[in-house]
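Below are the structure tokens for one structure; questions will follow.
The values are calculated or read from the model by the stated rules, or taken from the named source; none is laboratory data. Note that the structure is predicted; figures quoted are calculated from it, not measured. So basically every Cβ, Gly included, is an ideal-geometry build from the backbone, and we count neighbours across all protein chains shown. Heads up: the accessible areas ignore ligands, DNA and RNA and are worked out on the full protein's heavy atoms, side chains in. Shrake-Rupley method; radii C 1.70, N 1.55, O 1.52, S 1.80 Å.
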Amino acid sequence: MSVFEHSEFDGHEHVAFHQDKASGLKAIIAVHNSNLGNALGGCRMWPYSSDEEALRDVLRLSKGMTYKAAMAGLKQGGGKAVILGNPRTEKTPEKMLAMGKFINSLSGQYISAEDSGLTVDDLKLMAKETAYVSGIQAKYHINSESADGNPAPSTAYGVFVGLRTSVEHTMNSDLKNVKVAIQGLGHVGMRLAKHLCNQGAKLYVTDIHPENIEKAVNEFSAIAVNPNDIYDLDVDVFAPCAMGAILDAENIGRLRVKVIAGAANNQLAKEVFGQLLVDKGILYAPDYVINAGGVIDIYHQSIASSDKGLRDHIEKISDTLLEIYRRAEAQGIATNIVANQIAEERFSK
Ligand code: NAD
């Protein structure tokens, strides 16, 4: 397995492999770029089928964090960690403590947070061995809401602000009576629904769990939609808040919306599909820009800030999106490509 020649290597500054024989921990930490500051990124535990798959994932995710941090205006670089193993059957306190020691061995070059397969309690165990863990204690809140270390309230607020800006930009309208289809009513989607309902938007919602749909129907007068029908609606906005890679050629062909603005990571199945959206006249809010409320939250929890400081920073997502939209229109290129260009300008020396 080659590292320097790896197709996802992309000039990573540091890739560290670690095995702790006593606990059985096997993990990789990747630091993509630290020009703007020490690298921040989640730690994921996943039953990878091979070391190669784990390496590919950590390299791809840490690079993504560099771009996200740069666009969120954070004095932070991009990094990520992966623990090889099944989080349901192979996670032990000993492995979490060993992971804390591994993180500590990088002396703050990488700061960890929660990601798939790990909980706040796991991070608290790691924090017994290192100070370089963030997102375990929320000091500052959006709407006075604490969600046990999950930054979903901040992510949802950022998506709401970004969605509102995107609608204003392309429809010249506020959110009253604007029709929004939300895919996924989890930690982020349900809170987004509440923000939108408060502004008078008309909601169409789907989820694979009927009880989530029922809640949105009861609380926000939303209209229930089957998961398979969410792409075919005659609505103004599509807000993907479930899984990634949903914007493929087939689904883009079905969409009749003016705006796509949602929380899901890696929404475009391929970067080139950004151009398909331009061709269809759909304004796409690049996912890692509009869903940065969570990483902004984690950053603020690690500095001296305030509820207002956190809120003001999240609201800057609007300015960033407008910068992207104006440049994309002036240059005639897709918004996802422009976002990457601006991020590279910000983090390159
Ligand atoms: P979540 O797991 O709480 O919610 C996801 C919801 O989507 C669940 O209710 C699930 O039942 C539903 N779902 C799954 N498959 C579906 C399908 N095929 N059709 C309709 N609904 C489906 O996750 P979350 O924390 O709300 O995050 C949502 C998305 O936003 C994820 O892609 C996540 O990576 C991304 N994101 C979240 C945060 C955060 O702060 N939580 C930050 C950045 C990005």
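Exactly one condition in (1) within 10 Å of the ligand (Cβ to nearest atom); (2) in contact with a strand residue (DSSP E or B) (Cβ under 6 Å, 6 or more places away or on another chain); (3) open to solvent by less than 20 Å² (accessible area, probe 1.4 Å) is false for residue 213; which is it?
(3)
Looking for something closer than 22 Å to residue 193 by Cβ and in contact with a Ser or Thr (Cβ under 8 Å, 6 or more places away or on another chain) - is there at least one such residue anywhere in the stretch 322-345?
No, the conditions are met nowhere in the stretch 322-345.
How many residues are in contact with a strand residue (DSSP E or B) (Cβ under 9 Å, 6 or more places away or on another chain) and surrounded by fewer than 22 Cβ atoms within 10 Å (Cβ to Cβ) if we restrict to the stretch 23-43?
Counting residues in the stretch 23-43 that are in contact with a strand residue (DSSP E or B) (Cβ under 9 Å, 6 or more places away or on another chain) and surrounded by fewer than 22 Cβ atoms within 10 Å (Cβ to Cβ) gives 6.
Right, here's the next one. Quick check on this structure: which one of 161, 167 is in contact with a His (Cβ under 9 Å, 6 or more places away or on another chain), in a helix (DSSP H, G or I) and at pLDDT 95 or above?
161
Can I ask one more? Just name the residue that is farthest from the ligand (Cβ to nearest atom) out of those in the stretch 179-205 that are assigned to a loop (DSSP other than H, G, I, E, B) and surrounded by 19 or more Cβ atoms within 10 Å (Cβ to Cβ).
201
Then there's this: Go through the stretch 211-225 and give me each residue that's in a helix (DSSP H, G or I), touching a helix residue (DSSP H, G or I) at 6+ places or on another chain (Cβ under 7 Å) and among the aliphatic types (A, V, I, L, M).
216
Same structure, new question: Among the residues of the stretch 90-131, write down those that are polar (S, T, N, Q), open to solvent by less than 70 Å² (accessible area, probe 1.4 Å) and without any contact (Cβ under 8 Å) to a residue 40 or more places away in the chain.
Within the stretch 90-131, 104, 119, 130 meet the criteria.
Can residue 208 be described as out of contact with any Phe, Trp or Tyr (no Cβ under 9 Å at 6 or more places or on another chain), in a helix (DSSP H, G or I) and either more than 10 Å from the ligand (Cβ to nearest atom) or assigned by TED's automatic domain parsing to the domain that holds residue 307 (or both)?
So residue 208 fails the test.
For the stretch 327-349, what are the residues that are open to solvent by less than 20 Å² (accessible area, probe 1.4 Å) and assigned to a helix (DSSP H, G or I)?
Listed by number, the residues that qualify are 328, 335, 336, 338, 339, 342, 343, 347.
Moving on. For the stretch 1-22, what are the residues that are assigned to a strand (DSSP E or B) and either surrounded by 13 or more Cβ atoms within 10 Å (Cβ to Cβ) or among the small types (Gly, Ala, Ser) (or both)? If you could, list the steps in order and put the result at the bottom.
Within the stretch 1-22, the first condition is being assigned to a strand (DSSP E or B), and the residues that meet it are 14-20.
Across the stretch 1-22, the qualifying residues are 14, 15, 16, 17, 18, 20.
Report the residue count in the stretch 149-163 for those that are more than 12 Å from the ligand (Cβ to nearest atom) and without any contact (Cβ under 8 Å) to a residue 40 or more places away in the chain.
Total meeting the criteria: 1.
A further question follows. Give the stretch 147-178 a look and list any residue that's open to solvent by 70 Å² or more (accessible area, probe 1.4 Å) and either β-branched (Val, Ile, Thr) or on the phi < 0 side of the Ramachandran plot (or both), or say none.
164, 168, 174, 176
To continue, here is another question. Checking residue 324 against (1) open to solvent by 60 Å² or more (accessible area, probe 1.4 Å); (2) away from the ligand (no atom under 16 Å from the Cβ); (3) in contact with a helix residue (DSSP H, G or I) (Cβ under 8 Å, 6 or more places away or on another chain): exactly one of these is not met. Which one?
Condition (1) is where residue 324 drops out.
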